[in-house]
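First the structure, in the form of structure tokens, and then the observations on it.
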Amino acid sequence: MAPIPISSIKVGDIDDVQELRKTKPTIIPDRFVRDMAERPTLAPAMPCSSDIPTINFSKLSKGSTDELKSEISQLAAACEHWGFFQVINHGIDLSLLESMEKVAKDFFMLPLEEKKKYAMAPGTVQGYGQAFVLSEDQKLDWCNMFALGVEPNFIRNPMLWPTEPEKFSGTVEVYSKEVRKLCQNLLKYIAMGLGLKGDVFEKMFGETVQAIRMNYYPPCSRPDLVLGLSPHSDGSALTVLQQGKDTSVGLQILKDDRWVPVKPIPNALIINIGDTTEVLTNGKYKSVEHRAVTNKEKDRLSIVTFYAPSYEIELGPMEELVDENNPCKYRRYIHGEYSKHYVTNKLQGKKTLEFAKISN
């Protein structure tokens, strides 16, 4: 999440996919063409999962005692069996979601020269471009990203906060505060579902780290050859995804060794468990590998918030979740060390979590 420059990195030429789409709409450069084993299956019959759990946040925050108990139970099951769920009635004003979507889309529609003022330097994950590119021959994602550190203040790079669109920075600030409150509340109910005190994560996390990343996937003439975003799990505690309205279905999660497309419920937010929560729960709640695919006709926009503990704190499985039947699966480490490890490796499934695993 924080910028971690690596001066010696050589990433080669990285084509801007929006410009490629404009100037060479049928050409897919070799760096975007995936090896056969990585190429997505885009069979029209592939179902979009309606099985992904839906959590009604209003029942958690305002429901009766019975409703609260029932919804916490459903939340616990969603975390344990899926690691992904959609939240409805989340309490964030729909007009704010629309404003956030508008400023994100407007940014991506700016001329390339304007966006390049905020270019992502090699070895960092903030700014405009492609993150997690660490070599000249690495395969590229069919995606343009714009990422910013939000909290705490020291992870911000003010030079990367754009002056255009005019309302961009103000909207990101307000939006991020609302998403932060949602994350804090969800972690409270997740703790209760584990039989722990509701404030356990808040007390443990210290000065939390929050980043936002906007992803824009232009249409691609050969969606069968490329990936919008490489398979990965998130390093966060929780990730919150807002999908742009009227855009293509692109998110897929790995469930029972099968890639399952996720069709967002209108006005809902998609939440997933990150590596940090997997470690803290000693593997009871697992982070889930996910990826994005592209579409031949339609573009896609997503706005993703990553919420994580302070870089300073030591993390490891919570003692309440370790016993004879569930021995400790992860070592203790300083969260900043893991965060640095995560952002300095390419996206490759759940490989980065090996950093924390105890070898058998």
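The values are calculated or read from the model by the stated rules, or taken from the named source; none is laboratory data. For clarity, every value in this text was computed on a predicted model and none was experimentally measured. Note that each Cβ is placed from the backbone with ideal geometry, even for glycine, and that neighbours are counted across all protein chains shown. The protein model used for the area step is the full one, side chains on, heavy atoms only, and it has no ligands, DNA or RNA in it. Shrake-Rupley method; radii C 1.70, N 1.55, O 1.52, S 1.80 Å.
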Subset of the range 212-227, residues out of contact with any helix residue (DSSP H, G or I) (no Cβ under 7 Å at 6 or more places or on another chain), under 25 Å from residue 157 (Cβ atoms) and either assigned to a loop (DSSP other than H, G, I, E, B) or not aromatic (Phe, Trp, Tyr) (or both), comes to 213, 215
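Please note which helices (runs of 4 or more DSSP H) are completely contained in the range 77-193 and include at least 3 residues that are open to solvent by 70 Å² or more (accessible area, probe 1.4 Å) and within 30 Å of residue 350 (Cβ to Cβ). Walk me through how you get there before you give the answer.
Numbers: elements: 94-108, 112-115, 168-193.
Passing ranges, in order: 168-193.
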When you scan the range 338-360, do you find a residue that is loosely packed, with under 14 Cβ neighbours inside 10 Å and modelled with pLDDT of 90 or more, even just one?
no
Could you list all residues from the range 250-261 that are over 18 Å from residue 104 (Cβ atoms) and open to solvent by less than 100 Å² (accessible area, probe 1.4 Å)?
252, 253, 254, 255, 259, 260, 261
Looking only at strands (runs of 3 or more DSSP E) that lie completely in the range 234-347, which have at least 2 residues being within 22 Å of residue 98 (Cβ to Cβ)?
238-243, 269-273, 300-308
With the first residue restricted to the range 243-269 and required to be without any contact (Cβ under 8 Å) to a residue 12 or more places away in the chain, and the second required to be among the β-branched types (Val, Ile, Thr), Cβ contacts under 8 Å at 6 or more apart or on different chains are none
Failed condition for residue 71, given (1) of a type outside the set (A, V, I, L, M, F, W, C); (2) open to solvent by less than 30 Å² (accessible area, probe 1.4 Å); (3) at pLDDT below 95, with all others met?
(3)
Which residues, counting only those in the range 233-247, are modelled with pLDDT under 95 and open to solvent by 10 Å² or more (accessible area, probe 1.4 Å)?
235, 243, 245, 246, 247
Please go through the range 266-309 and pick out each residue that is more than 23 Å from residue 188 (Cβ to Cβ) and either small (Gly, Ala, Ser) or over 16 Å from the mean Cα position of the chain (by Cα) (or both).
266, 292, 294, 295, 296, 297, 298, 299, 302
Note on residue 209: of the conditions (1) more than 10 Å from the chain's Cα centre (by Cα); (2) of a type outside the set (Gly, Ala, Ser); (3) modelled with pLDDT of 95 or more; (4) open to solvent by 10 Å² or more (accessible area, probe 1.4 Å), unmet is (4)
